[in-house]
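A quick write-up on the structure given underneath.
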């Protein structure tokens, strides 16, 4: 990727969810909700604190994360639909 996020921002690729309900009903694309799970593609160096020191990021590229439904800004990079968001918009790492 030719994009590196700045400060405490991360680039996330949404993970696709199942297209069927547990009962076997197929959900059309127009009725699907956007997934709130994703994989981190790139991370910035971290945020600079009031003391001038760099606070390290709590996530790294390759982590699977859970984020808010309306978090981030949607962008298209290298033909892929991605999200750019602050690290604080991430709720946690899925293990």
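The values are calculated or read from the model by the stated rules, or taken from the named source; none is laboratory data. Computed from a predicted model, the values in this text were never measured in an experiment. Neighbour counts run over all protein chains shown; Cβ positions are idealised from the backbone, glycine included.
One table, with the values for the structure above:
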read-out: Those residues of the range 73-93 which are within 17 Å of residue 16 (Cα to Cα), surrounded by 11 or more Cβ atoms within 10 Å (Cβ to Cβ) and modelled with pLDDT under 90, in sequence order; value: 80
read-out: Residue that is at pLDDT 90 or above, in contact with a helix residue (DSSP H, G or I) (Cβ under 8 Å, 6 or more places away or on another chain) and not in a loop (DSSP other than H, G, I, E, B), where the choices are 41, 10; value: 10
read-out: Matching residues, the range 58-95, being part of a loop (DSSP other than H, G, I, E, B), closer than 17 Å to residue 47 by Cβ and in contact (Cβ under 8 Å) with a residue 40 or more places away in the chain; value: 59, 72
read-out: Residues satisfying the stated conditions in the range 13-38, i.e. under 17 Å from the mean Cα position of the chain (by Cα) and either at pLDDT below 80 or not in a loop (DSSP other than H, G, I, E, B) (or both); value: 13, 14, 16, 17, 33, 34, 35, 37, 38
